[in-house]
Amino acid sequence: MASKQEVEKFLEELKVKEASGVLRFLILDDRAKNAQALHNLDIPPDKRKEIIRKLKPEDFYRIEDGLYMEKYTMWSFGKTVQNIEVYIKISLTERNVICISFHEEEYPITYPFK
């Protein structure tokens, strides 16, 4: 489990790199549950980026190592969007923010820092 300080550092790195133009967002829409959730919630690409940019340590759920290309840590968060709890799983690479999950939660999300 990541500490609150590690989550803060991850989110700050994401925001700083993105603001400097180093990062681009790769949001995988080809998974059926992601596409369906985005359609149901009427969330366009820019809105997803905005939601990810506004994540806080209190939205943190869990961390999983080596799931994306066996190299990058996956950070999972939950966020209420239009009164629906959404599960967001992202990874930060040298040049990208990769979002592999952005859909309605399937299991209860526990927030260790709330």
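Just for the Cα atoms in the range 1-59, what are the lengths along the principal axes, largest first, rounded to whole Å?
Reported extents, whole Å, longest axis first: 34, 29, 16.
Could you state, as a whole-number percent, how many of the C-alpha pairs of the range 4-104 are farther apart than 19 Å?
Tail of P(r) above 19 Å: 38 percent of Cα pairs.
Suppose every Lys and Arg Cβ carries +1 and every Asp and Glu Cβ carries -1, with no other charges. What dipole size does the chain come out with about its Cα centre, to the nearest 20 debye?
That gives the chain a dipole magnitude of about 260 debye.
Could you name the aspartates and glutamates whose alpha carbon sits less than 17 Å from that of Lys33, not counting residues in the same chain fewer than 8 places away?
Candidates past the 8-residue exclusion: Asp42, Glu85, Glu104, Glu105, Glu106.
How do 91-100, 12-21 rank on mean C-beta neighbours within 10 Å, highest first?
Order by mean packing, descending: 91-100, 12-21.
Which whole-number percent gives the relative contact order of the chain, counting Cα pairs below 8 Å spaced six or more residues apart?
Answer for the chain is 29 percent.
Quick one: 3J(HN,Hα) in Hz for the range 87-104, Karplus 6.51/-1.76/1.60 with θ = phi - 60°, rounded, Gly and Pro as x.
9, 10, 10, 10, 9, 10, 9, 5, 10, 9, 9, 9, 10, 9, 9, 7, 7, 4
No value in this document is a laboratory result; all are computed from the given coordinates. The structure displayed is predicted, hence computed values, not measured ones. Cβ coordinates were reconstructed from backbone atoms using ideal geometry, including for glycine residues, and neighbour counts include every protein chain displayed.
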